[in-house]
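A.B. asks: One structure, as structure tokens, below. Some questions next.
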Amino acid sequence: MADFAFIGMGNMGQAMLKGCLSCFPADDFVFSRKDPVRGRRFAEETGAAFLPDNAACAAAAKYIILAVKPQFYEEVISQISPRTSRENIIISLAPSYRIDALRLLFANGVRIVRAMPNTPAAVGEGMTGISFSDDEYTDEERQTLDRFFRSFGRVEVVPERLMGAVTAASGSSPAFVYMMIEALADGVVRGGMPRSQAYIFAAQAVLGSAKMVLETGRHPGELKDAVCSPGGTTIEGVAVLEEKGFRSSLIEAADAVLQRCADK
């Protein structure tokens with residue numbers, strides 16, 4: 001019997017599983033997927049076992065990750081619920097399903113962890129927010145959950161009411177960062193730099209800047225000020241970003257995500 005079962009294997013499931021393999025052996029995992037050709041191909045690539053049937057996949061592990069799109073949750077839960085029990089721990093990745101709503105759908109006492117990871121999990125740099133009732137789990141189970149999520153990046157436990165904020169802060173935001181990297185690269189390509197090189201410079205600048213925030217503990221505004229010399233080039237660029245509403249655009253984008261992922 002495996003330890004972990006992924007129900008569904010889209011972009012997020014693939015990112016998580018690939019990250020997990022840095023810490024867990026492949027035979028700890030089984031997964032299901034609608035497309036059997038892609039399922040078998042991914043099994044060959046990772047060494048995880050592919051099971052085409054959702055119910056059989058759920059029955060093969062203790063920890064079950066619901067990695068299907070939210071619109072398929074009710075259908076999939078109806079398939080796997082008869083094969084689960086209080087011994088199972090369900091890890092839900094849907095941004096809008098509350099734990100209480102999922103309990104009603106399962107109606108068999110399963111324990112539920114609500115999680116919001118992001119796709120950088122595929123390279124071991126994911127950020128996951130999780131919410132669960134601590135007293136429902138043994139020390140060993142909590143340690144397993146912590147090890148699972150840390151195998152592909154960082155993890156923070158948050159109150160369930162903040163899961164929408166987690167989605168905006170880290171779940172959806174990689175798309176915003178990729179847009180920034182692409183746009184910045186376009187700007188320097190315009191200045192004559194080859195595109196492949198432009199992406200390297202822009203992406204490494206984002207990676208290094210993020211590491212500065214995490215490792216120094218300094219306020220992002222303070223770090224920004226340290227780059228802006230009086231009368232220099234950087235403050236000119238910052239002035240243009242302020243004029244064009246760079247910060248307000250990001251705030252509005254985060255708000256749009258929050259509105260979209262309102263809890264069921």
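No value in this document is a laboratory result; all are computed from the given coordinates. The model shown is predicted, which means the values in this text are computed figures rather than measured ones. Because the Cβ atoms are built from the backbone with ideal geometry, glycine has one as well, and the counts that use them run over all protein chains shown.
A.B. asks: Mind checking which residues of the stretch 158-170 are in contact with a helix residue (DSSP H, G or I) (Cβ under 8 Å, 6 or more places away or on another chain) and either of a type in the set (G, A, S) or not in a helix (DSSP H, G or I) (or both)? Give the derivation first.
C.D. replies: Our first condition is that a residue be in contact with a helix residue (DSSP H, G or I) (Cβ under 8 Å, 6 or more places away or on another chain); within the stretch 158-170, this holds for 158, 160, 164-165, 167-169.
Hits for the stretch 158-170 are V158, G164, A165, A168, A169.
A.B. asks: Report yes if some residue within the stretch 212-229 is in a helix (DSSP H, G or I), of a type outside the set (G, A, S), without any contact (Cβ under 8 Å) to a residue 40 or more places away in the chain and under 22 Å from T119 (Cβ atoms); otherwise report no.
C.D. replies: Within the stretch 212-229, one or more residues are in a helix (DSSP H, G or I), of a type outside the set (G, A, S), without any contact (Cβ under 8 Å) to a residue 40 or more places away in the chain and under 22 Å from T119 (Cβ atoms).
A.B. asks: I would also like to ask the following. Among the residues of the stretch 1-43, what is the count of those that are assigned to a helix (DSSP H, G or I) and either more than 19 Å from the chain's Cα centre (by Cα) or among the polar types (S, T, N, Q) (or both)? I'd like the intermediate steps shown before the answer.
C.D. replies: Taking the stretch 1-43 as the starting set, the residues that turn out to be assigned to a helix (DSSP H, G or I) are 11-20, 26-28, 36-43.
Now restrict to residues that are either more than 19 Å from the chain's Cα centre (by Cα) or among the polar types (S, T, N, Q) (or both): 11, 14, 26-28, 36-43.
Of the residues in the stretch 1-43, 13 are assigned to a helix (DSSP H, G or I) and either more than 19 Å from the chain's Cα centre (by Cα) or among the polar types (S, T, N, Q) (or both).
A.B. asks: Follow-up question, since we're still on this one. Taking the condition within 30 Å of D28 (Cα to Cα), out of contact with any Leu (no Cβ under 8 Å at 6 or more places or on another chain), without any contact (Cβ under 8 Å) to a residue 40 or more places away in the chain and not hydrophobic (A, V, I, L, M, F, W, C), does T119 pass?
C.D. replies: Working: within 30 Å of D28 (Cα to Cα): yes; out of contact with any Leu (no Cβ under 8 Å at 6 or more places or on another chain): yes; without any contact (Cβ under 8 Å) to a residue 40 or more places away in the chain: no; not hydrophobic (A, V, I, L, M, F, W, C): yes.
Judged against the criteria, T119 is not a match.
A.B. asks: Which residues, counting only those in the stretch 116-137, are touching a helix residue (DSSP H, G or I) at 6+ places or on another chain (Cβ under 7 Å) and not in a helix (DSSP H, G or I)?
C.D. replies: M116, P117, N118, G124, G126, M127, T128, G129, I130, S131
A.B. asks: Any idea how many residues of the stretch 92-126 are in contact with a Pro (Cβ under 7 Å, 6 or more places away or on another chain) and farther than 27 Å from S81 by Cβ?
C.D. replies: Qualifying residue count, the stretch 92-126: 4.
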